[in-house]
Each structure stands twice: as C-alpha cells, then as structure tokens.
C-alpha cells in the first residue's frame, strides 16, 4: 500500500524553458546539449554544481570561462531563474489533493539557485514533508544512492513509495529498488496512472 508519493521538480512540479538564456545549455529532453563547445568540461561542472561540490559563485565563474561569455553573477541568477516556469495546469491541485491522504516528498536533481527561486515562488513546496535535493544529498538520480537516501528519510519500505518523474531512466532506476513509478508526460496521463493504482483525487 502506497504511503509516500514522491515528485520530481523540473518537468513535473515546474517546467523548464529550454529557449531561455541558460535553458539553451540543455536539449529538449532536459539533458545537457552535446553540441556545446567544451561539452565534457561543462557536463562535469554541472554535475559538481548539482551535487554540491561547487558553490553557485564558483560554478558561474567557471561556466562563463568555459563558454567565453560576459555574464555577471547577478545576471547569471536572473537568467537561471527565467528558465523556471509554472508546471502544467492542474499539477498544484493534484499535489494538494494527494497531500490530504499521503505523505509527500520531493527527490530532485537541482541546484541552490533554482530551488531557492522555486521555494519562494511556489507555495505548494510547503506541502512536502521530505525534500531531497541533489546538491544537498551529494548524489543525482538515477544513482541508486539517491533513492536509498529517500527511503532512509521517510523510514518506509520501497514498496510504500510512488515516484513521479519526467525522465524514464529515473523511473527505471527507482523500480530496480522496488519503488513503483509513473513516467510523467501530461496531467491527463498522471491522472490515469493514479487511478490505475486506486489513488483517488479530490476535485
């Protein structure tokens, strides 16, 4: 029986505009754009940043150096946050409805600038009992350790979790540990998948 429903942030709770200034670092699947100059170096920088090994100022300094652009730290923050947009219509009502019956958690690959912006702008973040962020826990999905840290935080068995993420590789990794998962593609798809699991939403 499901007791904890776990959400990803980007692509589920909020959306990412890949046409924004820094959004263009990524392709439309959310992966770092392999066509970027110095791709491997930037990929390593992103991983260090989103696992907390690099601070935001250090990441900014090294990123603009790699890209060869003139971008102040303040403009970097603004550009970063411009990429974050509201989630699909209906996602907040689903979260609020689920929160009446289930414990809620977040497991997300993200960074301090993005999460600070999301937490400030989206009040529904306050509904989540457990928030596990890659830059705080030091590991990114789909590594098994990320899910193990989730299980440790909730003190519930894997089978009592339901994980919702827009990246199929993250869902598959969760399933390998016994966590049921929904590959998020749309609000309608999410509603159908919840209904299949006899998880009722209050309209």
### Summary
Over the chain, the sum of -39500 (n - 2.57) across DSSP H runs of at least four, divided by residue number and rounded to 500 deg cm²/dmol, gives at 222 nm -12500 deg cm²/dmol
### Message
With a cut-off of 8 Å between alpha carbons and a minimum separation of six or more residues, what is the relative contact order of segment 1-121 in percent?
### Response
45
### Query
Given N residues in the chain, what is Rg(Cα) / (2.2 N^0.38 Å)?
1.03
### Task
Figure the gain on full extension for residue 69 and residue 85 (residue separation times 0.36 nm, minus the Cα-Cα span) and round it to one decimal in nm.
3.3 nm
### Query
Alpha carbon centre of segment 49-68 versus segment 73-127: separation in Å?
22
### Message
Kirkwood hydrodynamic radius, computed over distinct alpha-carbon pairs, for segment 1-115: how many Å, to one decimal?
### Response
15.6
### Task
Using only C-alpha atoms and all pairs of different ones, pull out the Kirkwood radius for segment 158-203 in Å with one decimal.
10.9
### Task
Calculate, in nm to one decimal, what residue 77 and residue 148 gain on full extension: separation in residues at 0.36 nm each, minus their alpha carbon distance.
22.4 nm
### Query
Of the beta bridges DSSP finds with both residues in the chain, what % are antiparallel, to the nearest 5?
20
## Note on the structure
FRET efficiency (residue 129, residue 198; Cβ distance; R0 30 Å; to 0.05) is 0.85
### Task
Mind sorting 196, 160 by how few other Cβ atoms lie within 10 Å of their own Cβ, fewest first?
196, 160
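No lab work stands behind these numbers, since they all come straight from the coordinates. Just so it is clear, the model here is predicted, and its values are computed rather than measured. When we count neighbours, we look across all protein chains shown, and the Cβ atoms used for this are built from the backbone with ideal geometry, even at glycine.
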